[in-house]
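Remarks on the structure that follows.
The values are calculated or read from the model by the stated rules, or taken from the named source; none is laboratory data. Keep in mind it's a predicted model, so treat the numbers as computed, not measured. Ideal geometry is used to build each Cβ from the backbone, glycine not excepted, and the neighbour counts take in all protein chains shown. Quick note on the areas: whole protein, heavy atoms, side chains included, nothing else; ligands and nucleic acids left out. Shrake-Rupley method; radii C 1.70, N 1.55, O 1.52, S 1.80 Å.
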Amino acid sequence: MSDSGKALLINVIANHKSQPWIPLSKLYEASEARRNLQRISPGVSTGTLSAQVPEIVRRFAVKKPGPIEAALNWNSGDCPLSLILNGPGQVGYFARKDGASPLSLEFVVTEQQIAKGSDWSITAACFGNLGPEPLTFTLKLNFPNSS
């Protein structure tokens with residue numbers, strides 16, 4: 001084994017030994033807490049897309065049936081955007097719109113989809129060339145909220 005390989009192995013073992021043992025149930029609780037902090041409420045949010053960050057995902061929880069409505073607005077014509085709705089139990093998207101500003105979509109959540117889970121997300125993305133200037137957008141999102 002090379003010297004750099006030995007150094008890597010020693011670092012991996014030292015790091016492994018320095019971390020306290022944590023049951024998987026505790027790891028799940030921590031990851032669920034982080035996920036809950038990342039979720040947004042219905043309303044308006046803003047974001048910025050750039051060549052380095054060409055897409056932004058907003059996560060939210062839907063716990064009862066009803067319509068999800070999203071509207072995306074931005075001022076630059078340099079890059080048409082995509083508005084993509086993803087949810088539980090589906091490999092692909094539930095709804096998607098592509099084009100120039102403004103974009104909007106609506107999707108009605110059913111009891112069957114609620115049974116599959118509550119984790120949903122909406123993505124604003126530019127799959128083309130954004131150019132050198134960042135693009136600022138406004139996303140208005142409404143969905144069935146249990147609060």
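Of the residues making up segment 65-102, those that are among the hydrophobic types (A, V, I, L, M, F, W, C) and surrounded by 14 or more Cβ atoms within 10 Å (Cβ to Cβ) are Ile68, Ala70, Ala71, Leu72, Trp74, Cys79, Leu81, Leu83, Ile84, Leu85, Phe94, Ala95. Outside any strand (DSSP E or B), modelled with pLDDT under 90 and touching a helix residue (DSSP H, G or I) at 6+ places or on another chain (Cβ under 8 Å) - does that describe any residue in segment 48-68? The answer is no, given that none of the residues of segment 48-68 is outside any strand (DSSP E or B), modelled with pLDDT under 90 and touching a helix residue (DSSP H, G or I) at 6+ places or on another chain (Cβ under 8 Å). Taken over segment 103-129, the residue count meeting the criterion of being open to solvent by 30 Å² or more (accessible area, probe 1.4 Å) and in contact with an Asp or Glu (Cβ under 6 Å, 6 or more places away or on another chain) is 1.
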